[in-house]
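Only the coordinates and a few stated rules stand behind these numbers; no lab work does. Keep in mind the model is a prediction, meaning the values are calculated, not measured. Cβ placement follows ideal geometry from the backbone for every residue including glycine, while neighbour counts extend to all protein chains displayed.
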Amino acid sequence: MFKRILVPVDGSRHSRRAVEVAGDMAQYSGAEVWLLHVIRDLSLPREILEMIAAGEVTESRRELLENSAEIILDNAREALAKKGVEAQRAEYVFGPPAKTIARYAGEKGVDLIVFGAQGLDTQGPILGGVARKLTNIAPVSCLLVR
């Protein structure tokens, strides 16, 4: 049924669970799994800005965000590999998360987007902002993972 599954990852526990679910689905269906991390334009946390000012961190903001994205993608690839599934594509892009994920899914011929109900900044049992918006604008089927 699904041939290409896109899993947007942000490193949150819900995102990690979405990777597990997509891996299970791929095991049984033979679907490809694609991983995507979206880097949004946010300022760095105060603690990191202080470390940069003190000379403890010498990387640029972009380098920090790209390095973090690579770690998040590597962790997701490893989680898939534990299930015997290889990520067919794993990349990061810049932009507003929900719009970027939806556009990417449409452009790449994705059949299903599997994503976590909450991201890193969502508190309590409510649906996260990116998850809510993506559910509304995605051009393909979505599987929301709690």
Helix-derived mean residue ellipticity, 222 nm - over the chain, DSSP H n ≥ 4, -39500 (n - 2.57), to 500: -15000 deg cm²/dmol
Alpha-carbon centroid distance for the pair the stretch 1-80 / the stretch 95-119, whole angstrom: 13 Å
In Hz, Karplus ³J(HN,Hα) per residue of the stretch 65-78 (6.51, -1.76, 1.60; θ = phi - 60°; x = Gly, Pro): 5, 5, 5, 4, 4, 4, 5, 4, 5, 4, 4, 5, 4, 5
Sequence-distant lysines (8 or more away, or on other chains) whose Cα lies within less than 30 Å of K82: K3, K108
Within a Gaussian network of the chain (alpha carbon springs, distance under 10 Å), most fluctuating of S29, S15, S60: S60
Cα shape, the stretch 60-146, gyration tensor, a/c 1.5 rule: rounded
Residue-span extension gain [S68 to R132] - 0.36 nm each, minus C-alpha spacing: 20.6 nm
Under-5 Å amide H pairs with E32, H placed in peptide plane, nonlocal only: R4, I5
Segments 125-132, 137-144 sorted - mean Cβ within 10 Å per residue, highest first: 125-132, 137-144
The chain - Rg and Dmax from Cα coordinates, angstrom: 15.6, 54
